[in-house]
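Scroll down for the structure; my scribbles are underneath it.
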């Protein structure tokens, strides 16, 4: 088979393909064998009529059309590999020869090759991993709140007070399931129940009845709420002493407790900074791409995201349609919401490919073997079997490219100017691996120390 690639305008390539007669005749012969099973020929059992008899009965045109229909996709794929054409869309096939050796043309959109000026001088902003005194104090206060005393007071409620309430939600004079509670303890100002509640109870005292309306996510129309304030309790926080520290932690002194909080929060922040560094570097790189990315690549990325979500939902016993209904999204809105991120991902991919070429990053067979060993272990397969599958699908070059792009991203990170929100340099080498921290502390750090 011969294939010639000719660049065209509009980021397209024209492939002119010619399959020699002997090779194509094998496809025609296979087509006759399939026809023999479908066509009834007097004197022959199904599938046993020889080719010359079928040719006499049907002519050669029918088998040729069948051979082209079955074999042309494989010829086209071989032509892509032979010419190293990186197609990103379905081809437009034309000029198919009607007799003799099979010839055809295929016009297809290809992945653009771009340049990214300035990629070696990226500036990436990450959160400072070191906690300040206010953050440590917020964590100390979180521990104090957990052991706070609640004392009844005869006054109007204030932010931070704990009040005991009965709350009832109705809509059209009918109770709303899940919006009814009795003797509920609620912290004033926490905004942790329903919107509008904190405004309604601000300054209320024991015995007061307040009402308000608000919308509930996932429910049409407003819900009417009636709240009875039964008790107002003032929080009395414990003093920060060594005795207190030994009661709430494994440490004997407040200084030891604070030092531990500094270390654990710093570890959490460093792990978060690492993730931000990678995503921020990719985002900064994408920002250098001035070229308009092909719609075919964006569509493919959106489809990949949708398929990934559908796959994850299926493991939870749900469908994508159910998820859309539960979140109140139309398919059109859902696709549109993913399109901007898809454009960014495509830009990152094209830019990383450009860096791979510019910096000459390559992937050795040993590196491929190491990667396949990791993937096979996670999938519970043998590396040799996985490699055989990838080789059969022509996917080894994709693995090599992915590893080369990973090298390019790491190189960009190593050569980027990394600063915190105030523009101060960050020592990337000091950002450690993800810590073994409790989830409660991690969530509290993410929320700024609020409970």
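The values are calculated or read from the model by the stated rules, or taken from the named source; none is laboratory data. Because the structure is predicted, anything quoted here is derived from the model rather than measured. Every residue, glycine among them, receives a Cβ derived from its backbone with ideal geometry; neighbour counts consider all protein chains shown.
Within the range 87-105, being more than 17 Å from residue 26 (Cα to Cα) and free of Cβ contacts under 8 Å to residues at least 12 places away in the same chain holds for one residue alone: 95. For the range 285-294, the condition of being under 19 Å from the mean Cα position of the chain (by Cα) and at pLDDT 90 or above holds for at least one residue. Could you list all residues from the range 178-197 that are touching a strand residue (DSSP E or B) at 6+ places or on another chain (Cβ under 9 Å) and more than 13 Å from residue 231 (Cα to Cα)? Within the range 178-197, 178, 179, 180, 181, 192, 193, 194, 195, 196, 197 meet the criteria. Here 416, 442, 437 are screened, and the one residue that is surrounded by 13 or more Cβ atoms within 10 Å (Cβ to Cβ) and at pLDDT 90 or above is 416. Out of all the residues in the range 198-212, is one or more in a strand (DSSP E or B) and surrounded by 12 or more Cβ atoms within 10 Å (Cβ to Cβ)? Taking every residue of the range 198-212 in turn, at least one turns out to be in a strand (DSSP E or B) and surrounded by 12 or more Cβ atoms within 10 Å (Cβ to Cβ). If you check residue 229 against the conditions, is it surrounded by fewer than 16 Cβ atoms within 10 Å (Cβ to Cβ), more than 36 Å from the chain's Cα centre (by Cα) and closer than 21 Å to residue 162 by Cβ? For residue 229, the condition - surrounded by fewer than 16 Cβ atoms within 10 Å (Cβ to Cβ), more than 36 Å from the chain's Cα centre (by Cα) and closer than 21 Å to residue 162 by Cβ - is not met. The condition (being part of a helix (DSSP H, G or I), outside the structural domain of residue 161 (by TED's automatic domain parsing), within 30 Å of residue 193 (Cβ to Cβ) and touching a residue at least 12 places away in the same chain (Cβ under 8 Å)) is satisfied by just one residue among 297, 261, 313: 261. Between 282, 273, the distinction of being in contact (Cβ under 8 Å) with a residue 60 or more places away in the chain, surrounded by 15 or more Cβ atoms within 10 Å (Cβ to Cβ), under 26 Å from residue 119 (Cβ atoms) and in contact with a helix residue (DSSP H, G or I) (Cβ under 8 Å, 6 or more places away or on another chain) belongs to 282 only. Can you name the residue in the range 264-294 that is assigned to a helix (DSSP H, G or I) and touching a strand residue (DSSP E or B) at 6+ places or on another chain (Cβ under 7 Å) and is also farthest from residue 111 (Cα to Cα) among such residues? Ranking the qualifying residues of the range 264-294, first place goes to 277.
Looking at the range 75-134, which of its residues are part of a helix (DSSP H, G or I), surrounded by 15 or more Cβ atoms within 10 Å (Cβ to Cβ) and in contact with a helix residue (DSSP H, G or I) (Cβ under 7 Å, 6 or more places away or on another chain)? The one that is part of a helix (DSSP H, G or I), surrounded by 15 or more Cβ atoms within 10 Å (Cβ to Cβ) and in contact with a helix residue (DSSP H, G or I) (Cβ under 7 Å, 6 or more places away or on another chain): 119. Of all the residues in the range 139-160, those that are within 41 Å of the chain's Cα centre (by Cα) and in a loop (DSSP other than H, G, I, E, B) number 3.
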